[in-house]
1. Look through region A:84-126, keep the residues that are of a type in the set (S, T, N, Q) and assigned to a helix (DSSP H, G or I), and return whichever of them is least open to solvent (accessible area, probe 1.4 Å).
2. Looking only at residues that are under 27 Å from the mean Cα position of the chain (by Cα) and part of a strand (DSSP E or B) in region B:423-445, which one is modelled with the lowest pLDDT?
3. Looking at region A:127-155 only, could you name the residues that are assigned to a helix (DSSP H, G or I), open to solvent by 30 Å² or more (accessible area, probe 1.4 Å) and in contact with a helix residue (DSSP H, G or I) (Cβ under 9 Å, 6 or more places away or on another chain)?
4. How many of the residues in region A:42-69 are open to solvent by 50 Å² or more (accessible area, probe 1.4 Å) and hydroxyl-bearing (S, T, Y)?
5. Of the residues B:T45, B:T57, which is at pLDDT below 95, within 14 Å of chain A (Cβ to nearest Cβ) and surrounded by 17 or more Cβ atoms within 10 Å (Cβ to Cβ)?
6. In this structure, is B:A166 buried (at least 24 other Cβ atoms within 10 Å of the Cβ), free of Cβ contacts under 8 Å to residues at least 40 places away in the same chain and more than 14 Å from every other protein chain (Cβ to nearest Cβ)?
7. When the residues of region B:228-252 are filtered to those that are open to solvent by less than 20 Å² (accessible area, probe 1.4 Å) and in a loop (DSSP other than H, G, I, E, B), which remaining residue is farthest from B:I318 (Cα to Cα)?
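The values are calculated or read from the model by the stated rules, or taken from the named source; none is laboratory data. None of the values given here were measured: they were computed from a predicted structure. As a convention, Cβ positions derive from the backbone with ideal geometry for all residues, glycine included, and neighbour counts pool all protein chains shown. SASA here: full protein model, heavy atoms, side chains in, ligands and nucleic acids out. Shrake-Rupley method; radii C 1.70, N 1.55, O 1.52, S 1.80 Å.
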Amino acid sequence: MSYAYLFKYIIIGDTGVGKSCLLLQFTDKRFQPVHDLTIGVEFGARMITIDGKQIKLQIWDTAGQEAFRSITRSYYRGAAGALLVYDITRRETFNHLTTWLEDARQHSNSNMVIMLIGNKSDLDARREVKREEGEAFAREHGLVFMETSAKTAANVEEAFINTAKEIYEKIQEGVFDINNEVYLNKLFVEKIVCILIEYLLNYFIISKANGIKIGPSHSPSSPGGIAGTGGQGSSQGGGCC
Amino acid sequence: MLGRFKSALMNAVGASEMGLQYNSDSDTESVTDLINSNLPIAIETKPYSRPSFLGLTNEETQVSADHRVRPIIVPRDLSRLPWCAGYAECINAGKSTWNEDQATAMRGDLRILDTNVTIPYVMFSMFDGHAGFQVALTSRLHLHRIILERLMSIPGELLLNEDKDATIKGREMVIGAIELAYKQMDQIVEHQAHRGGGGCTALTVLFLNGRLYAAGAGDSRTILVLGDSERALTRDHTPDSESSRVRSLGYLKSTELLKGQFTPLQFRKRHFERDVGSAVMYREPFMTGWAYKILTQTDLRLPLISGQGKRSRVMGTIGVTRGFGDHGLKAGNTGVSIKPFLSSQPEVQSLDLEELNLTERDCIILATDGLWDVVSDEMAASILRKTLAPESPSLEYRLTMGAQELVQGARGRSFGREWWLKKAQDNGDEEVKMASVDDISVMVVPLYPYLCEHRQWVKTQQQERRHSVSSTQSSPEST
């Protein structure tokens with residue numbers, strides 16, 4: 001399916017606050033009560049529509065453990081939105097928000113939209129962080145705030161979609177530069193241009209020079225064809241390893 | 001106008017993404033009967049994919065190839081690898097569209113020819129592709145099957161015989177099987193290599209009958225991390241390390257293989273026309289020392305092997321001298337074929353695990369040169385020990401965390417378009433050095449679980465034997 005924009009999101013916050021569960025609820029509409037510890041980074045994707053435009057959300061779900069912090073930091077690059085999650089039943093996850101926010105601000109584009117999320121709103125009886133405290137923190141730091149439940153799905157759609165709306169508005173207002181990688185995933189564009197150039201070069205120059213017939217037998221859309229012929233080119237150019 | 005251009009571009013992007021049809025077949029798909037066949041068979045060319053144990057969707061495969069962020073990918077389901085072995089990978093910083101490293105793992109029971117005995121085995125392999133992903137991918141999909149077929153054709157009494165005074169021990173048969181399988185794998189990829197599939201290095205670790213076999217061809221490396229010590233189990237095969245083998249071949253078959261374009265002699269420095277007739281330092285392929293000779297016109301030919309260490313090249317072109325593929329690779333500008341100088345033969349080491357005094361945290365690390373270019377054996381072992389040391393979370397998690405730490409230790413951080421490593425030194429200063437911009441793959445395989453499984457298997461075998469002896473002879477237990 002084609003889309004007008006691709007927004008990259010990153011989900012951050014302490015371990016056990018429900019980041020992976022939020023992602024699963026949003027992409028698969030299901031809840032997994034026991035979830036394995038996330039070690040690396042996991043990806044989710046969903047298509048949404050805003051203002052009649054197809055927008056693809058590409059969501060990076062990160063590991064919350066302190067031990068993985070330095071790796072997580074490298075994943076902010078190119079993110080247009082971040083969901084900063086804490087657990088309303090665990091005060092310390094709220095207390096750590098400042099360090100998360102510092103990390104996010106330091107390693108991301110300054111225009112990144114950050115949504116503060118108090119998760120596990122279904123466990124109101126065990127609440128340790130008042131709703132008002134979340135609101136106050138969000139106001140103070142210029143974030144959007146929402147309480148969600150990955151279990152009951154309350155506000156989960158809204159959290160992801162409202163963030164996208166915010167980003168979309170910034171684009172309309174021209175806050176995000178139209179040529180900025182942040183929302184117009186330039187990587188894909190660059191990649192396709194590189195592949196095309198490489199393919200054409202191989203087809204017109206290298207294939208003829210070596211008398212190897214590459215091209216018509218390969219479909220241009222197959223990765224084997226493209227990367228394969230590209231490889232041939234680099235090996236011929238010398239120093240292939 | 002601009003809008004139309006943009007939408008055309010976006011369409012192209014969308015189309016390309018949809019056009020890439022990935023195949024999520026498992027690595028164990030059926031191949032036509034290869035048993036006892038030395039003939040290279042035509043095999044299907046598969047579209048790009050990542051190791052099946054990662055369980056990546058098409059979308060995730062796309063995202064994992066992000067050259068700017070270089071996400072470190074680990075298996076979502078840790079139990080997909082035997083003993084929850086750790087694995088992590090990340091893509092290069094832009095030198096090739098796809099991650100050309102591959103890895104695979106397989107476990108099962110080997111049914112031994114002419115007996116009813118089955119013996120459990122576990123195998124891990126890793127490949128580092130170059131000049132295309134195809135040969136590495138095909139090797140991932142087929143090598144284990146070929147090794148198994150070779151193992152299955154060994155008679156049981158030979159395979160299981162580890163007696164001290166046996167003329168041929170079981171381990172020698174196993175090593176032979178791996179060597180033959182490597183050769184066959186190289187023949188199988190010939191067709192693909194000719195069509196631009198490139199080549200790859202190969203590492204295989206096999207656990208069988210209480211022993212560990214570590215095979216390697218190329219510059220990927222397996223190391224053993226045992227207690228506080230570590231050592232390499234495979235040797236890197238680069239033009240530098242294999243200089244003698246490669247130049248000897250060039251020396252013996254110079255007209256046929258060098259075509260008057262290259263010289264197998266090694267000179268202390270590059271000589272020019274003006275040096276002809278003067279005495280220069282040189283050595284022949286069989287020499288380790290140096291000698292003098294009067295420089296002639298033919299000595300001015302390009303050196304068969306140039307450069308040193310990691311930067312050494314055969315015919316100025318390729319930096320690795322063993323592995324699969326590269327059929328049809330020609331030296332730049334001269335058109336001389338390089339393949340005759342490349343070998344598919346692995347060097348195989350075999351260890352008796354009972355002799356190693358293993359503990360729970362002893363592991364082997366398999367990794368491609370993306371790791372080893374910037375992380376030494378000692379550093380890798382120390383990173384791993386540090387990650388495995390804590391009690392929580394459990395070891396299953398920590399094996400993958402260890403692999404991830406190792407990849408991170410080689411990938412470093414990006415500053416703009418460059419990747420750097422920051423390392424705290426003993427004196428408190430920070431040392432900054434270039435990070436690896438290559439594909440990086442790391443596997444961390446624990447050794448202890450296999451030893452336990454093997455002991456259990458031996459026990460069961462003994463019980464069964466006793467059982468059958470007592471039921472046929474109705475006599476008291478014999479030892």
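1. Checking each candidate, the answer is A:T93.
2. Here is the first cut: in region B:423-445, the ones under 27 Å from the mean Cα position of the chain (by Cα) are B:433-445.
Still in the running and part of a strand (DSSP E or B): B:433-434, B:440-445.
On the way: B:K433: 88, B:M434: 91, B:I440: 98, B:S441: 98, B:V442: 98, B:M443: 98, B:V444: 98, B:V445: 98.
Here the residue is B:K433.
3. A:E133, A:H141, listed by residue number.
4. Counting residues in region A:42-69 that are open to solvent by 50 Å² or more (accessible area, probe 1.4 Å) and hydroxyl-bearing (S, T, Y) gives 1.
5. Sole residue among the options that is at pLDDT below 95, within 14 Å of chain A (Cβ to nearest Cβ) and surrounded by 17 or more Cβ atoms within 10 Å (Cβ to Cβ): B:T45.
6. On the way: buried (at least 24 other Cβ atoms within 10 Å of the Cβ): no; free of Cβ contacts under 8 Å to residues at least 40 places away in the same chain: yes; more than 14 Å from every other protein chain (Cβ to nearest Cβ): yes.
Here the answer is no, as B:A166 does not meet what is asked.
7. Ranking the candidates gives B:L233 first.
Yes/no matrix, rows are residues, columns are (1) within 12 Å of chain A (Cβ to nearest Cβ); (2) at negative phi; (3) open to solvent by less than 10 Å² (accessible area, probe 1.4 Å); (4) in a loop (DSSP other than H, G, I, E, B):
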position	(1), (2), (3), (4)
B:V63	yes, yes, yes, no
B:D66	yes, yes, no, yes
B:P71	yes, yes, yes, yes
B:E89	yes, yes, yes, no
B:S96	yes, yes, no, yes
B:T104	no, yes, yes, no
B:D109	no, yes, no, no
